[in-house]
Each structure stands twice: as C-alpha cells, then as structure tokens.
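Here the structure comes first, spelled out in structure tokens, and everything after it is commentary.
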Amino acid sequence: MARNVDIRGGQWLADMTIWLQNNACDNSELLTRLHRNLRLAREQELTPRQQEVLALYYDQGLNMPQIAARLGVNCSTISRTIRRARQRLYRCLRYSL
C-alpha cells in the first residue's frame, strides 16, 4: 500500500512541476531592467576603488587574495570593499524593479 502512495506522490510532484513550468511568468523584462540599472549603479554610485575591485572580482574572475596582491593591500580590505559595494548596490537597486 505504501508503494502506491509513493508512486502517486511522485506523479503529483511531476505534474506540479510541469504545471509550474507552463504557467511561470516570463521575467526577462525584469532581468533586462536589472542588468541595465546594475551597470548604471556601478558607474554612478560606487567609488573608483569599489568599481576596480568589483571589476577584478566579478568581471575578471580573480579571487580576493589575487586582488589583494595585485593592489598591494590586505585580503580583509578587499573583502570589506566588496561587501560595502554590494550593500551600496543593493540599496540602489532594491527599489528599481
């Protein structure tokens, strides 16, 4: 008896997954607007150092020790710079959607 319940529950989950995929909202417009606003916020709201560190971290894919060595600062400084830049971007972008 328990086996039938498991099969039925699995089928329900599969049916629900298909229904969600078919009825999901298209968020491509929101993503496009977010990308545009993120680019503008990076240019207008961040300090030059924050822009540089984020570009090295996200755009070039360097890790924090590599950035710290390149810029001649402590790794903790890079960590704080990234955290503060993220916070600043979050404050700018949270109302833009």
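Miscellaneous remarks
- Checking every residue in segment 44-67 against the condition of being out of contact with any helix residue (DSSP H, G or I) (no Cβ under 8 Å at 6 or more places or on another chain), more than 28 Å from Leu30 (Cα to Cα) and among the small types (Gly, Ala, Ser) gives zero matches.
- Selection status of Ile18, among the β-branched types (Val, Ile, Thr), touching a Leu at 6+ places or on another chain (Cβ under 9 Å) and in a helix (DSSP H, G or I): no
- Inspection of segment 10-32 finds no residue satisfying the criterion of being modelled with pLDDT of 85 or more, exposed (fewer than 10 other Cβ atoms within 10 Å of the Cβ), within 20 Å of the chain's Cα centre (by Cα) and among the acidic types (Asp, Glu).
- Close pairs (7 angstrom Cβ cut-off, 6 or more residues apart or separate chains): in contact (Cβ under 8 Å) with a residue 24 or more places away in the chain and surrounded by 11 or more Cβ atoms within 10 Å (Cβ to Cβ) in segment 78-97, hydroxyl-bearing (Ser, Thr, Tyr) and assigned to a helix (DSSP H, G or I) anywhere: Ile82/Tyr57
- Only a single criterion out of (1) assigned to a helix (DSSP H, G or I); (2) exposed (fewer than 11 other Cβ atoms within 10 Å of the Cβ); (3) not hydrophobic (A, V, I, L, M, F, W, C) is not satisfied by Gln66, namely (2).
- Val73 being modelled with pLDDT of 95 or more, on the phi < 0 side of the Ramachandran plot and in a loop (DSSP other than H, G, I, E, B): yes
- Listed by first and then second residue, the pairs linking a residue in segment 23-37 that is under 19 Å from Tyr58 (Cβ atoms) to a residue that is part of a helix (DSSP H, G or I), with Cβ atoms under 6 Å apart and 6 or more places separating them unless they lie on different chains, are Asn37/Leu93.
The values are calculated or read from the model by the stated rules, or taken from the named source; none is laboratory data. This structure is a prediction, so every number in the text was calculated from the model and none was measured. All Cβ positions, glycine included, derive from the backbone under ideal geometry; neighbour counts span all protein chains shown.
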